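Undergrad: So that we are looking at the same thing, I have put the structure below in structure tokens.
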Amino acid sequence: MKHLSVKELAKAAGVTVRTLHVYDCTGLLKPALRTEKKYRYYGKAELLRLQQILFYKELGLSLAQIAALLDAPDFDLVEALTGHKKALQQKQQQLSKMMETIDKTILNLKGQINMTHEELYAGLPKEQAQQWRREALEKWPDQVKHSEKMLLKMSRAGFDTLQQTFKSVNEQLAALKKEDPKSPQVQQLVQQHYDCILKFWGKTDNIAAAYKGLGGLYVADTRYTTVNGTTDPEFAAFMNAAMIHFADTQLKS
């Protein structure tokens, strides 16, 4: 390789010309060549030594400590580079953790800390919540994982609002269970129910069939249409009919 001038080396290494002058004066980094006009030029060996100097500086060593290490008779460049890599990996892990902590702190200060799995099922007895999640994962693993991944990114405030809206809509629909499932009043509430379901599900293929399938689940397992702790097969059948009508008239397969 061609030799580099002081200015060229300074630019390549991201240091100042003055820094290289100091290294030269202290004997830490001598140039490979010095012309009659006192111009200094650096070769490959000097570039590698400068790399080591900068690595050790990054680790917080003083120039005197660096000189002692580099000039030690048993100094091994490959071993030193391996050590630098390990130290940088540890520092990278530390910085990643610090960045994660900062992100969480910012979200916390904004009231937008991410949800946990436990919070997704808050309000249910712990054993019941675990059972429902286990059953759902067995039946629809991809859909459940997709839904939870999306919900876990929501703020607590956003998730609480969604839960409250869904609960309110269900209670209003339960109060109308003796009405015609196809009536405008019922269908207007079913639209709100569908909007909530979309937020829980996220985007999904063949949404009409999926929504009608949910209605069928309500009939097959009335736990999913429990209101105020009471199962209601009549309400489940009403919801199934209302959802089928909505899917057939408002959704495209």
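Undergrad: Which entries of K145/K199; K177/K199; K97/K199; K167/K199; K2/K38; K11/K44 have Cα-Cα distances beyond 22 Å here?
TA: Numbers: K145/K199 14 Å; K177/K199 24 Å; K97/K199 31 Å; K167/K199 14 Å; K2/K38 18 Å; K11/K44 15 Å.
Going by Cα-Cα distance, K177/K199; K97/K199 fall outside the 22 Å limit.
Undergrad: Here's something else I'd like to know. Please work out the C-alpha center-to-center distance from the range 7-35 to the range 168-196 and express it in whole Å.
TA: That distance is 78 Å.
Undergrad: Would you mind checking the pairs K153/K212; K7/K57; K7/K86 and listing those with alpha carbons more than 23 angstrom apart?
TA: Working: K153/K212 27 Å; K7/K57 21 Å; K7/K86 31 Å.
Too far apart for the 23 Å limit: K153/K212; K7/K86.
Undergrad: Between K97 and K145, take the C-beta separation as r, use R0 = 25 Å, and let me know the FRET efficiency to the nearest 0.05.
TA: Values: r = 26 Å, r/R0 = 1.03.
Efficiency for this residue pair is about 0.45.
Undergrad: Test of understanding: what is the full-extension gain from A220 to K182, defined as 0.36 nm times their sequence separation minus their Cα-Cα distance?
TA: Value of the extension gain: 11.6 nm.
Taken together, the values in this text are just the output of simple stated rules run on the coordinates, not laboratory data. All values derive from a computational prediction rather than experimental measurement. Positions of Cβ are backbone-derived with ideal geometry, glycine not excepted, and every protein chain shown enters the neighbour counts.
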